1. Could you tell me how many degrees, from 0 to 90 and to the nearest 10, lie between the Cα long axis of helix 57-71 and the main elongation axis, the longest principal axis, of the Cα atoms of the chain?
2. For the Cα atoms of the chain, what angle does the longest principal axis make with the long axis of helix 170-183, in degrees from 0 to 90, nearest 10?
3. Classify the range 191-237 from the C-alpha gyration tensor, please: rounded if a/c falls under 1.5, else prolate or oblate depending on whether a/b exceeds b/c.
4. In the range 107-172, what percent of the accessible surface is made up of carbon and sulfur (1.4 Å probe, ligands and nucleic acids excluded)?
5. Apply the a/c threshold of 1.5 to the C-alpha gyration tensor of the range 9-233 and tell me whether it is rounded, prolate or oblate.
6. What number comes out for accessible area per residue over the range 9-233 if the probe is 1.4 Å? Units Å², please.
7. Estimate the FRET efficiency between Met207 and Gln28 by the formula 1/(1 + (r/R0)^6), using the beta-carbon distance for r and 30 Å for R0, to the nearest 0.05.
8. Stretched out fully, how many nm does the piece from His39 to Leu97 gain, at 0.36 nm a residue minus the Cα gap?
Amino acid sequence: MQHPPTSKTARISEIFSSLQGEGTLAGQRHLFIRFEECHIHCEYCDELHKKGRDFTLEEVLEQVNLLETTSGPHSFVSLTGGEPLLYVSFLKSLMPLLKAKGFRIYLETNGILGKALEEVIGGCDLIAMDIKLPSVTKEDNFIGEHEQFIKQAQTKELFVKIIVSKDLFFPEFEEALKLIEKYAPGSPVILQPVSNQREGHEDLELMDFLMEMQKRGMAIHRDLRILPRFHRILNLR
Ligand code: SF4
């Protein structure tokens, strides 16, 4: 991280208007604030190369107001990344200002930083959390962190996203679904085909694998949906 985030500045790579391309609200018009840094490195991540700059609170609000005027109305302001919860002191200042303007806040997070969530959960209207399977991310196993996180996150409107590749190790997937079923039984789970050089839905073998995972997974958690990244299919940002 180039400068530690403060309550007044944060490293942001882009602020833009587009369709929400993932999850249960796919197709809605959202205003995205993309924070630059992440504390983990998923093998498939295509966001970490996006370099940002320091934005002040005033600059963010100015951009948000401009986009709302030129491209709005937007259903949500989506805080995404990178990992937005790395910027918790900035979020604590920003969220009330967005709320005061009538925006609803969508937090898209890797679902690991439970302590940070605790500080800003009051400002969130919807939480989209990941559960990261190490067989897919090639990262550490964060199941303990995900458990702490989901206990809190389920107090809000919540859905969980799990990225699926053909490397997925079924016992990890099973453990994740059991965790969701235990703490958030009513929350939808999105199975998203991993994207590398091309979008996951273009790989027919991967789609067959996803169908099989959905079938087996539904014995544990009923609401399992397969959804590719809609904005990529439409060639949107
Ligand atoms: S958690 Fe998200 S932003 Fe961070 S490395 Fe993984 S995919 Fe990229």
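The values are calculated or read from the model by the stated rules, or taken from the named source; none is laboratory data. As the structure is a computational prediction, the values presented were derived from the model and not from experiment. FYI the Cβ positions are ideal-geometry reconstructions off the backbone, even for glycines, and counts take in every protein chain you see. Ligands, DNA and RNA are excluded from the accessible area calculation, which covers all protein heavy atoms including side chains. Shrake-Rupley method; radii C 1.70, N 1.55, O 1.52, S 1.80 Å.
1. That works out to roughly 70 degrees.
2. That works out to roughly 60 degrees.
3. Note, shape of the range 191-237 comes out oblate.
4. 47 percent
5. Verdict is prolate for the range 9-233.
6. 43 Å²
7. Once the sixth-power term is evaluated, E becomes 0.75.
8. Extra length available between His39 and Leu97 comes to 18.2 nm.
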